[in-house]
Structures are given as C-alpha cells and as structure tokens.
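What follows is a short report on a single structure.
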C-alpha cells in the first residue's frame, strides 16, 4: 500500500517500533476496532502480522496531521481503561488504550538505547499517535503503566500537553492483585523488575531483601514507586499541566468526572453531552469483558477480596505507608481541584 496513504490515515496505527531497521510497523485499526479492543496490543488486535513497515527516515513529521494530544498515566487497576473509553466520543475526542509502540520504546530503553535516539523515536511515535480521527478532535493517549518511567520525558516533548494521573487507594489496589491469584502476583513481580531496570524504585533494597518480600509487598512497592514518579511530575510541571485523581473519586459522580476531565484537556462539554457519556458504556460495561458493570459492582468485589485477605492487606498497607512517610511521599493525594 502507498506509504503516503498510510501516513495520512489515522486508522493505520503505528503498532510497533523495530529498532533493528529503525522503522514503524503500521496495522489497520479503524475506530470500531479501537472500540472493541481492550488494549492496542498483540493480545487484543487481529491481523497484526499483516503490517506495513515504514522507515522512520521516510516519515516527514511536519506533514502529519495533528490534534491536541493529552495523556492519562496510571498505576494500574484504577479505572484508567474506563477513562480512555470515556474519551472515545466522535466529533469530540479519541482515546487510545495502551498502544504497544510505547511499550516497545521502553523495552528499547532498557536494552541500552542512546537517550538522543530514544527521544527522536519517542517524538515520532507521539506525532503518529496524534493524527486525529475526526476534525477538531482531541487525542487522549493512555499508555501502559510500564511507560510511567518515561512519562516525564513525554511531557517534556509535548509542552502543550496535559496529563491526568490515576491511582487506586492502596487497599483497593492490593485487593485487585489478590483477586487475580497467581497471575496477578506474577505480574507485580515482573512489573517491579522493570521498574528496577528503569531506575524508578522508590526505595533501594538488596537482592536478598527483595526476595524476602511477600507478593503483596512487591505489589505495594511498585504502587509506591509509581506515586514517586507522579509526585515528581507534579512538582516539575505544576497543576496547570498535571492533575491527579483516585479511582474512588472518579466513580463517585460520573457526570462530574466527565465534565472535569474533558475540561482539563481543553474540550469542555455541554450538560447533554456530559450526561450521555456518563450514562454510556464506559461507565456501565466492564472494560475487560464488556459485561454489565457499575461502581457498586466494583466496590462489592473489592470489599469481598479485602474481607478474605484483610490481615495481609492491612499489614502491607501500613508497611507501605511507613515507607512513604520516610521519604515524605503522600500516598493518598486529594483529587486535583481542576478535575472534580
């Protein structure tokens, strides 16, 4: 297919970055496919083997169409996918859910990419992700939480961008991990290994000390390390560019959340549009399995898990708060006033 046609059509997603050939691999993902995919990864997209590779040197960034681009960074299990789906509103905005290409760039960084090369590739990836699906639409990118290590660099490359940081209260986060069983406990260990390689752990532990941590302590340390990244970003960029919200607050009054989040990203809504989004599938269908869903369902599930593992979750929560206090880190920041 003609490369120009691909670069001018946002339905051609820059799905992967191949460092060996310094090229982007594009796959065709129209808006409907975005809507049905949980994440923009190989596990959830079809036809990813049928890609078109375009060398980075062949892409003229200046010729790409561009929309206002903002970001939702998160610490996992905090309704971030719900928020990305909330921004899938034709004529207003488009939400991109964890594009794999940003994960590839983090992986390349871990393998020793030179900072200046990494910045150039990241800049191009962001430009490709900013191509609007509709005239006047805002693009909201929700990266995977492994991208948090380069989140400050992303905002540095996009001085007009704003970011919303999402997190779940520590007890809720640990309950979400516990209910996932072995898979969830394995995931948090893999995530912590990545954070250690990225140099973003909130505390230094010896190998022996890390091996002595329980699964939920590992989860809590990763959660705390994300809070550290978030706090440094808020300090560096200030409230006009970085806001924070917890999952309990954003679910409390969906219509207020919709209005506040859209307004923060420079896309104010009238009451009718805000209510339509708040009553739509983002808030009423589970982001993973698309079954009927409500904030009450989420609360009930988390409370059930907490009651089953209360002693361990409460002990680990106290432990991580003690760690945070030692470095002056707030583990329960109030939602930014600009949001709700």
> Of all residues in region 29-51, how many are surrounded by 12 or more Cβ atoms within 10 Å (Cβ to Cβ) and part of a loop (DSSP other than H, G, I, E, B)?
Replying inline: 13
>> Quick check on region 233-247: of everything there that is in contact with a helix residue (DSSP H, G or I) (Cβ under 7 Å, 6 or more places away or on another chain) and not in a strand (DSSP E or B), which residue is surrounded by the fewest Cβ atoms within 10 Å (Cβ to Cβ)?
In response: 236
> Of the residues 192, 210, 182, 174, which single one is over 21 Å from the mean Cα position of the chain (by Cα), surrounded by 12 or more Cβ atoms within 10 Å (Cβ to Cβ) and in a helix (DSSP H, G or I)?
Replying inline: 210
> For residue 100, all conditions in the list (1) at pLDDT 95 or above; (2) more than 16 Å from residue 128 (Cβ to Cβ) hold save one; what is the number of the exception?
Replying inline: (2)
> For region 52-74, which residues satisfy the criterion of being under 17 Å from the mean Cα position of the chain (by Cα) and surrounded by fewer than 23 Cβ atoms within 10 Å (Cβ to Cβ)?
Replying inline: 69
>> With the structure loaded, tell me whether residue 16 is part of a strand (DSSP E or B), free of Cβ contacts under 8 Å to residues at least 40 places away in the same chain and within 24 Å of the chain's Cα centre (by Cα) or whether it fails that test.
In response: no
> If you scan region 120-160, which residues turn out to be more than 22 Å from residue 28 (Cβ to Cβ), touching a helix residue (DSSP H, G or I) at 6+ places or on another chain (Cβ under 7 Å) and without any contact (Cβ under 8 Å) to a residue 60 or more places away in the chain?
Replying inline: 122, 146, 150, 153, 157
> Restricting attention to region 148-174, which residues are under 30 Å from residue 310 (Cα atoms) and either in contact with a strand residue (DSSP E or B) (Cβ under 7 Å, 6 or more places away or on another chain) or modelled with pLDDT under 95 (or both)?
Replying inline: 148, 165, 166, 167, 168, 169
>> Being part of a loop (DSSP other than H, G, I, E, B) and closer than 26 Å to residue 159 by Cβ is the filter here; which residues of region 253-296 pass it?
In response: 265, 266, 267, 268, 269
>> Just the residues that are in a loop (DSSP other than H, G, I, E, B) and over 13 Å from residue 170 (Cα atoms), please, taken from region 322-336.
In response: 327, 328, 329, 334, 335, 336
> Can we say residue 9 is over 30 Å from residue 253 (Cβ atoms), within 19 Å of the chain's Cα centre (by Cα) and not in a strand (DSSP E or B)?
Replying inline: no
> Which pairs do you get when a residue that is at negative phi and touching a residue at least 24 places away in the same chain (Cβ under 8 Å), found in region 289-306, comes within reach of a residue that is surrounded by 12 or more Cβ atoms within 10 Å (Cβ to Cβ) and part of a helix (DSSP H, G or I), reach meaning Cβ atoms under 6 angstrom, with the pair 6+ apart or on two chains?
Replying inline: 295/251; 302/172; 302/175; 305/175; 305/178; 305/179; 306/175; 306/313
> Based on what the data block shows, is residue 216 at pLDDT 95 or above, over 17 Å from the mean Cα position of the chain (by Cα), surrounded by 23 or more Cβ atoms within 10 Å (Cβ to Cβ) and assigned to a helix (DSSP H, G or I)?
Replying inline: yes
>> Regarding region 285-307, can at least one residue be identified that is at pLDDT 95 or above and either within 19 Å of the chain's Cα centre (by Cα) or surrounded by 18 or more Cβ atoms within 10 Å (Cβ to Cβ) (or both)?
In response: no
> Which residues, taken from region 106-125, are at negative phi and outside any helix (DSSP H, G or I)?
Replying inline: 111, 113, 114
>> Tell me whether region 79-95 contains one or more residues that are in contact (Cβ under 8 Å) with a residue 60 or more places away in the chain, surrounded by fewer than 20 Cβ atoms within 10 Å (Cβ to Cβ) and part of a helix (DSSP H, G or I).
In response: no
>> Every residue in region 195-207 that is assigned to a helix (DSSP H, G or I) and free of Cβ contacts under 8 Å to residues at least 60 places away in the same chain, please.
In response: 195, 196, 207
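The values are calculated or read from the model by the stated rules, or taken from the named source; none is laboratory data. This one's a predicted model, so the numbers in the text were calculated from it and none came from an experiment. Because the Cβ atoms are built from the backbone with ideal geometry, glycine has one as well, and the counts that use them run over all protein chains shown.
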